[in-house]
Amino acid sequence: MEINILEEFFNICDEKVFSCINCGVCSASCPISNFMEITPQKLIFFLINNKKEVLEKNTIWLCASCLNCQARCRKSIDFSKVADALRHIYLKERARKKLSLELEIDKIKREILIKSPQQLFIALQRKFAYY
Amino acid sequence: MKYLYYPGCTLKTTAKVFEDSIKEVSKILDISLVELNNWYCCQAIYTSLNDNPSLLLGAIRNLIETQKEDDKLVTACSACYNVLLRSQNTYFKDEKLRVRINAYLEEELKREIKIIHFFELLEEKIDVLNSLIKKRDYPPLAFYYGCLLTRPKGIALFSNDINPQRFENFFSQLGFLTIDFAFKTRCCGSYLTYTNEEIVKDCVDKIILSIKERVNNSCVILTTCPLCQFNLENYQKDYEVFYFTQFLLSLIKGE
Amino acid sequence: MAEIRIGVYVCHCGTNIAGVVDVLKVVEEIKKMKNVVVCRNYLYMCSDPGQELIKKDIREYNLNRVVVASCSPRMHEITFRKAIKEAGLNPYLLEMANIREQDSWVTEDKEEATKKAISLVRIAVLRASLLEELYEKEVKVIKRALVIGGGISGIQASLDIAEAGYEVYLVEKEPSIGGHMAQLEKTFPTLDCAACILTPKMVEVSQNPNIKLMTYCEIEDISGFVGNFKVKIKKKAKYVSWEKCISCLLCQEKCPKKVPSEFEGSVGFRKAIYIPFAQAVPNKPVIDSESCIYFQTGRCRVCEKICPTKAINFDDKEEYEEVDFGAIVIATGYDEFDPRLKPEFGYGRYKEVLTGLEFERILNAGGPTFGEIKINGKVPKSIVFIHCVGSRDEMVGNPYCSRVCCMYIAKQAYLVKERLPDCKITVFYIDVRAFGKGFEEFYTRVKDSGVIYRRGSPSEIYKRGDKLIVRSEDTILGEMVEEEADLVVLGTGLVPRKETLELAKKLKLSLSPDNFLLEAHPKLRPIDSNIDGVYLCGCCQGPKDIPDSVAQAKGAASSVIALFNKGVVTVEPIQAYVREEYCSGCHICEGLCPYLALEFDKEKKVMRVNTALCRGCGVCPSACPSGAIVMRHYTDEQIEVQIGGLLWKE
C-alpha cells in the first residue's frame, strides 16, 4: 500500500505516540502479547518511524481493548486507540481497493457461534468492519 | 425506588439467566426497574476515531432516550456500562466531536446521565440482603472482575484496577469467604474466541491457575459480565461459574 | 512643571526580538510621538555599550524619562534603573515595555508582533510622562536566621551561618535532626558510610553556641518581610523533660507498646516512648501520645516508674514561641513516593516488596536486621530492583525524574552483591541516568560485579507459591520475562512534602508545576525564592543528591550571611499612601491587607500605611470606596493612560 502511515494515523487519532519512552510496560501488561508478531511497544516504535509494516502485523487485530496497558502507561498513551486507528487504516485501504474484508464468518466454529453472547459477535464485527 | 433500566442485547438473549436473576433479586429487594423506552444496542465496544463521530452514536442515542425521563440509568452488563460511560465522557469532553455527533441527532444530550451499575444498588441494600440469605455454607468465592468494569482509571467502578476489593467486601459482609487471586482483572480474551481460540484458552488457563494458587479444594467463580461468563464456562471445567446475581438468588432461595 | 523629555530604546535581544518584530518600524513609529526626544535601537540594550548609550543620551539630550523596550522587567529592570541613576536620573523615571516574553516569544505572525510591539512601547511612553521621582528607604536587618528542616541541607546551612557568627534557630518537626540521610547505609558513588559523615555534623550542630536547636517543633505562623520576619514556632508536647533526662533510655526499653516506626518504614518498630534512632541528636525521647497506652486507656505509666530522674511529665502541654528573624532558609526535604498508588507492584499486599528507603534500613547495620539481608527470616536467593516507581509517570502525576533512584539502586545492588555473592540480582530499568561526577564509573563497576540490568518497566508483581513473579518485557531482547524473586525493591521516587505545601501557603512561596518550591530563576537565582530573604536548599526545591543539597545549603547560607553583613535592606518605594483628606476611616482596606500594613490613626480618624510592612500589592487602592488610597508608581492616572493608549486607533 502506498500510504504515509503516520499521516493517516494522526488524521484519525490523537494519541501522543511520540512521547513513548519504549519502557515496555504495555507489552508486559498485555495478557496476550506472547501471541503477537510484534509487541505493542515495538509496534509504536515502528509507527513513529513511519514503517507501514505495522498494518501487516497481527498485533492490531489481537488487541481486545482490555486497557491493561493504558492503566499502566507512564505517558498516558492508550494503545487500544492506536490499534483501533491502525485497523481502521488497513480496512479503509482494502475497501478502497475493493478487496474483501478479512473476517470469514464461515470459519467460526458453529458451536461457539450458537452459544456465545451476541454482544461478543457484534464486538467482533465492529472490529473488522470499515465504516 | 424506581430506576430506568438498560438491559442491552445480550441480557435479552444468551444471558437470559442473568437478567432473570436481576429481575427477581430486585423484586425481592423492592427495587423497581423500568425498561428504557426504545433502547437499542450500545454498540458493544467503545471506539473513538477523530474522523468518525458515528462510532459513538448508539450509546449517545440511548442516553438521549434516558434524559427524556430521568437523569439516572441502571445497567448490569459490564460492556454496556463501559461503553455508555466512556461514550458519554468523550461526548462531553471532546467539543469538536460533540458538534459532529450532534449533526446526526434530532436532539442533543443536554446533561450528564448518571450511569449506575446494578451492583451499586445492591450495596445500598446489604442489610436487607443479609437478613434474607438462608444458606451460607459455601466454598470460598473467587470474584472475577474482568476488564470492562475496572478500566479506564477514573471512569471505572473501582479505584484500584489490579486488586479491587469492592465485591469481596460485599460478600464478606454477607458472611462468605473470598479469595484474593492475582489475575482477577486480567482480560479473558473477549471476542478472540471466534478468531483465535487458543488465545482465549491461554487467558482462561492463566486466570484459573492464579485461582488454584489460592484455593485448597473447590471454589465458586462469580462474574458480572456475559462475555467473561461465556469464556470462563466454555474453556475450563474445574470450577463452577455464576453471575453474581444468579448466585445471590440461589442463596436467598436457599437452593 | 519642567518639559518632559523622553528617550526610547528598543532592544533586538539578538534575534529573540528582532527575529520576529520589525525593530526599525517600531523606532520609526515611536519617533513621531509627543515628548519623545530620541529613539534608538541596539543589538543588546543590557550590555555595557547599550547602557552607555542611554547614559550618554541622558546627558546630551537632557532626558528626564527613559523607556526601554526589551525583555520582562523581572529580568533587567534593576539593571536599567541602576544605569539611569548613574547618569543622574531618579531610577523610578524608567519604564519598561516587555516586547520579548509578551510579544516576540509568543507571537508567530511577524506583522502582528510588530503591531503589538508598537502598542506596548507607545503605552510605555505615555505612562513614562506621568512617572514621578521616588526614593528608596533603608530598613535594618535582624541578624538572626531561621532554618526550617534538620536534614543534611538544614544542618549544613545552620552550621555555615553559625560559623559566620550569626545566631541560627534550626527547627525540625521530628524528635531528632538527621533527616533522610540518617536512614541511609552508604552513599553513592563513593560508598562512604552515611552515618560516619553525617553524625559528626549533627553533634556539631548540638554543640555550636550560635545554633538554637528546636526539634519536635513546627512553624505555626510567619509574617513580615526580608530583614524582619515574625515567626511563631510551636513546640509539640514531648511529655519528657529534656533538662532532667539523662538519655539512659530505660523508658524506651521497658515501654510495652510497639508501633510501626517512621524511621524504619514497614520493616521495623519503635516504642510509644522513643528516640527515632540510636545516634539521634538530641538523644532524648518523646512520648507519642497517639500510641501511648496511658494516653489511650488511662493506665500503664511504666516509663514514669522506671525513670531514674523523674523526667516523665504526662501533663506536658504544647507551647508557642514568637521570634523575629532577618532571613529564612527552607530545607524541608522530600517524602518518599507511596507505592500503594501503583497497586500493580503489590506494595502493602506482599511483605516481600520494599521501598528503596526500607531496603536501605535492611542493609544498615543499625537497622532492624542489624545489616543482615533477610526477608521473612530467610536470606533471599534472588532480588529484583525496579527503576522509576513514582517517577517519570504521568499516571500518578509525577512526570519528573527523581534523579537519585538510578544511583541508589546501583549502590544497593552492589552492596547486596558484596554481601551475598550468590544472590541473583536483576535490575529493571528504563534509562540509566548516571550524570554526576563518578556516577558512570560507578555504574560500570556495579555492572562488572555481575548485577544483571534488563531494559523494561515491569507491569505487575504477583505471587506464585512463595515466590514473587515480576512480569516485564525485555525491550532489548523483545521477549516477555517472568522473573522469580524472593525480594523486590522498588526504586521509589521523591515527592514534595505535604508540610512544605502548607508552609508555602503561609509564606506565599511559588510552586513549580511538579509542586516542589520554585526558585526565583532556574539558571541565575536557583537558591532564592520568590520572596526576598527566603532561600531554598535541598530537596524542597526538587529532587537532588547529597552533594547537590549540601552545595545549595552552602549557597543559601552565604546569601544569608551577605544579607546580615550588609545589615540593611532597601525597601522599594512602590507603596500605597493614604490621602488623609479623602479617607473616611471606613476600615474596608484594613481587613484586606495581606501584610497587616494598614493602621487606624485614632486621633485623625484616618487610615495610615505602615511603610515598613507595605509590599505594594495594590489591594487597598482598588478596594477604597472614596479613592483615598494611591499606589505610588501605579497611580490611577498612570494606568488609565496605558489603557487609553491600547484602545487608541489611527
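Table: residues versus (1) over 26 Å from residue C:378 (Cα atoms); (2) of a type in the set (A, V, I, L, M); (3) within 14 Å of chain A (Cβ to nearest Cβ).
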| position | (1), (2), (3) |
| --- | --- |
| C:463 | no, no, no |
| C:473 | yes, no, yes |
| C:480 | yes, yes, yes |
| C:483 | no, no, yes |
| C:498 | yes, no, no |
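Going by the conditions given, is residue C:176 crowded, with 22+ Cβ neighbours inside 10 Å, part of a loop (DSSP other than H, G, I, E, B), under 23 Å from the mean Cα position of the chain (by Cα) and not basic (Lys, Arg)?
So residue C:176 passes the test.
Each row is one residue, and each column tells you yes or no for (1) modelled with pLDDT of 95 or more; (2) open to solvent by 50 Å² or more (accessible area, probe 1.4 Å); (3) not in a loop (DSSP other than H, G, I, E, B).
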{"site": "C:209", "(1), (2), (3)": "yes, yes, no"}
{"site": "C:224", "(1), (2), (3)": "no, no, yes"}
{"site": "C:231", "(1), (2), (3)": "yes, no, yes"}
{"site": "C:247", "(1), (2), (3)": "no, no, no"}
{"site": "C:263", "(1), (2), (3)": "no, no, no"}
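Among helices (runs of 4 or more DSSP H) lying entirely in the range C:1-92, which contain 1 or more residues that are crowded, with 18+ Cβ neighbours inside 10 Å and more than 35 Å from the chain's Cα centre (by Cα)? Steps first, please.
Numbers: elements: C:23-31, C:48-61, C:73-86.
Correct list: C:23-31, C:48-61.
Only one of these conditions is not met by residue C:372: (1) assigned by TED's automatic domain parsing to the domain that holds residue C:184; (2) free of Cβ contacts under 8 Å to residues at least 24 places away in the same chain; (3) of a type in the set (Asp, Glu). Which number is it?
(1)
Evaluate the range C:416-436: report whether one residue or more is on the phi > 0 side of the Ramachandran plot, outside any strand (DSSP E or B), open to solvent by 30 Å² or more (accessible area, probe 1.4 Å) and not aliphatic (A, V, I, L, M).
no
Would the range B:248-255 turn up any residue that is open to solvent by less than 10 Å² (accessible area, probe 1.4 Å) and within 12 Å of another protein chain (Cβ to nearest Cβ)?
Looking for residues that are open to solvent by less than 10 Å² (accessible area, probe 1.4 Å) and within 12 Å of another protein chain (Cβ to nearest Cβ), one finds none in the range B:248-255, hence no.
Suppose we filter the range B:72-122 for residues that are open to solvent by 10 Å² or more (accessible area, probe 1.4 Å) and either in contact with a Phe, Trp or Tyr (Cβ under 6 Å, 6 or more places away or on another chain) or not in a helix (DSSP H, G or I) (or both); how many remain?
16
Determine whether the range B:114-122 contains at least one residue that is within 14 Å of chain A (Cβ to nearest Cβ) and not small (Gly, Ala, Ser).
No: the range B:114-122 contains no residue that is within 14 Å of chain A (Cβ to nearest Cβ) and not small (Gly, Ala, Ser).
Name the one entry in C:389, C:353 that is open to solvent by less than 50 Å² (accessible area, probe 1.4 Å), among the β-branched types (Val, Ile, Thr) and in contact with a Ser or Thr (Cβ under 8 Å, 6 or more places away or on another chain).
Only one candidate passes the filter, namely C:389.
Would you mind listing the helices (runs of 4 or more DSSP H) fully within the range B:136-221 where at least 3 residues are more than 19 Å from residue A:67 (Cβ to Cβ) and more than 12 Å from chain A (Cβ to nearest Cβ)?
Per the criteria, B:166-173, B:197-212.
Of the residues that make up the range A:71-79, is at least one crowded, with 19+ Cβ neighbours inside 10 Å, under 13 Å from the mean Cα position of the chain (by Cα) and within 14 Å of chain B (Cβ to nearest Cβ)? Walk me through it before giving the result.
If we filter the range A:71-79 for residues that are crowded, with 19+ Cβ neighbours inside 10 Å, which is where we start, we get A:71-74, A:77-79.
Still in the running and under 13 Å from the mean Cα position of the chain (by Cα): A:78-79.
Narrowing the set further to residues that are within 14 Å of chain B (Cβ to nearest Cβ) leaves A:78-79.
Yes - at least one qualifying residue is present in the range A:71-79.
Mind checking which residues of the range A:56-70 are surrounded by fewer than 22 Cβ atoms within 10 Å (Cβ to Cβ) and either within 11 Å of chain B (Cβ to nearest Cβ) or touching a helix residue (DSSP H, G or I) at 6+ places or on another chain (Cβ under 6 Å) (or both)?
A:58, A:61, A:62
Just give me the residues in the range C:512-526 being within 8 Å of the chain's Cα centre (by Cα) and surrounded by fewer than 23 Cβ atoms within 10 Å (Cβ to Cβ), in sequence order.
Matches in the range C:512-526: C:518, C:519.
Let's see how each residue does on (1) assigned by TED's automatic domain parsing to the domain that holds residue C:388; (2) farther than 25 Å from residue B:161 by Cβ; (3) over 38 Å from the mean Cα position of the chain (by Cα):
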| position | (1), (2), (3) |
| --- | --- |
| C:466 | yes, yes, yes |
| C:481 | yes, no, yes |
| C:503 | no, yes, no |
| C:510 | no, yes, no |
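List the residue pairs whose Cβ atoms are under 6 Å apart, where the first residue sits in the range C:34-54 and is over 17 Å from residue C:6 (Cβ atoms), the second is open to solvent by 70 Å² or more (accessible area, probe 1.4 Å) and assigned to a loop (DSSP other than H, G, I, E, B), and the two are 6 or more positions apart or on different chains.
That search, which allows pairs on different chains as well, returns C:50/C:44.
Might you check whether a residue that is modelled with pLDDT under 95, buried (at least 19 other Cβ atoms within 10 Å of the Cβ), assigned to a helix (DSSP H, G or I) and among the aromatic types (Phe, Trp, Tyr) occurs anywhere in the range A:15-35?
no
State yes or no: is residue C:459 at the interface with chain A (Cβ under 9 Å from one of its Cβ atoms), open to solvent by less than 30 Å² (accessible area, probe 1.4 Å) and small (Gly, Ala, Ser)? Before you say what the answer is, go through the steps one by one.
On the way: at the interface with chain A (Cβ under 9 Å from one of its Cβ atoms): yes; open to solvent by less than 30 Å² (accessible area, probe 1.4 Å): yes; small (Gly, Ala, Ser): yes.
Spelling it out, residue C:459 is indeed at the interface with chain A (Cβ under 9 Å from one of its Cβ atoms), open to solvent by less than 30 Å² (accessible area, probe 1.4 Å) and small (Gly, Ala, Ser).
Conditions: (1) surrounded by fewer than 24 Cβ atoms within 10 Å (Cβ to Cβ); (2) of a type in the set (A, V, I, L, M, F, W, C); (3) at the interface with another protein chain (Cβ under 7 Å from one of its Cβ atoms); (4) touching a residue at least 12 places away in the same chain (Cβ under 8 Å). Residue B:230 meets all but one. Number of the miss?
Looking at each condition in turn, residue B:230 falls short on (1).
Given (1) open to solvent by less than 20 Å² (accessible area, probe 1.4 Å); (2) within 24 Å of residue C:345 (Cβ to Cβ), where does residue B:206 come up short, assuming only one miss?
Residue B:206 satisfies every listed condition except (1).
So, residue C:630, is that one β-branched (Val, Ile, Thr) and either part of a strand (DSSP E or B) or assigned by TED's automatic domain parsing to the domain that holds residue C:121 (or both) or not?
Criteria met by residue C:630.
Residue pairs, Cβ under 8 Å, 6 or more apart or interchain, first in the range C:341-368 and within 14 Å of another protein chain (Cβ to nearest Cβ), second open to solvent by less than 10 Å² (accessible area, probe 1.4 Å) and assigned to a helix (DSSP H, G or I). List them.
C:344/A:29; C:344/A:72; C:345/C:339; C:347/C:339; C:348/C:339; C:353/C:339; C:353/C:345
Read through the list (1) within 14 Å of chain A (Cβ to nearest Cβ); (2) crowded, with 16+ Cβ neighbours inside 10 Å; (3) within 19 Å of the chain's Cα centre (by Cα), then give the number of the only condition that residue B:40 fails.
(2)
The values are calculated or read from the model by the stated rules, or taken from the named source; none is laboratory data. Computed from a predicted model, the values in this text were never measured in an experiment. All Cβ positions, even for glycine, are placed from backbone atoms using ideal geometry, and neighbour counts span all protein chains on display. Ligands, DNA and RNA are stripped out before the accessible areas are found, and what is left, the full protein with its side chains, is counted by its heavy atoms. Shrake-Rupley method; radii C 1.70, N 1.55, O 1.52, S 1.80 Å.
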